[in-house]
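Visitor: Just passing along the structure, written as structure tokens.
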Amino acid sequence: MFFIVSKYLIPKGFRGLTLYPFVFMKFVVDKDNPIFVNHEKIHLRQQIELLVLPFYIWYIVEYLFRLVQYRNRYQAYRNISFEREAYENETKLDYLKYRGMYRFVKFL
């Protein structure tokens, strides 16, 4: 995992973005935030499981589906299965030690 700090690469309203193997963050202080780092590590694991490119395709398609469903960009984002898994488990710092393969499917 490689951290890159740039407030210009992160969309408005967000603190970080993971594009395997990089974690882009708006604030350098987040590099030492265990919850933020764990959230992004969960995304890295999801990306590896889906062999990276299919992850991005699935993410965009599911976002568009959720956008039609909720008619709200933020709600659509928060209800993407990958995000639901990451947000629900970001405070469990040992989550990746016992997480099963393709666990995000539970959050569809």
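Throughout, read-outs are computed from the coordinates displayed, never taken from laboratory work. Just so it is clear, the structure is predicted and the values come from calculations on it, not from any experiment. Cβ placement follows ideal geometry from the backbone for every residue including glycine, while neighbour counts extend to all protein chains displayed.
Visitor: Having 2 or more residues that are in contact with a helix residue (DSSP H, G or I) (Cβ under 8 Å, 6 or more places away or on another chain) and over 19 Å from residue 102 (Cβ atoms) is the bar; report the helices (runs of 4 or more DSSP H) wholly within the range 1-91 that clear it. Break it down stepwise before answering.
Guide: Numbers: elements: 34-49, 53-70, 73-78, 81-89.
Hits in the range 1-91: 34-49, 53-70, 73-78.
Visitor: While we're on this one: For the subset of the range 62-108 comprising residues that are surrounded by 11 or more Cβ atoms within 10 Å (Cβ to Cβ) and among the acidic types (Asp, Glu), which member is farthest from the chain's Cα centre (by Cα)?
Guide: The residue in question is 62.
Visitor: Might you check whether a residue that is closer than 16 Å to residue 106 by Cβ and among the hydroxyl-bearing types (Ser, Thr, Tyr) occurs anywhere in the range 74-81?
Guide: yes
Visitor: Same structure again: Specify the residue that is surrounded by the fewest Cβ atoms within 10 Å (Cβ to Cβ); the eligible residues are those in the range 1-18 that are farther than 16 Å from residue 81 by Cα and in contact (Cβ under 8 Å) with a residue 24 or more places away in the chain.
Guide: 13
Visitor: Still on this structure: For the structure I just gave you, tell me whether residue 24 is surrounded by fewer than 18 Cβ atoms within 10 Å (Cβ to Cβ) and without any contact (Cβ under 8 Å) to a residue 40 or more places away in the chain. Write out each step before concluding.
Guide: Values: surrounded by fewer than 18 Cβ atoms within 10 Å (Cβ to Cβ): no; without any contact (Cβ under 8 Å) to a residue 40 or more places away in the chain: yes.
Judged against the criteria, residue 24 is not a match.
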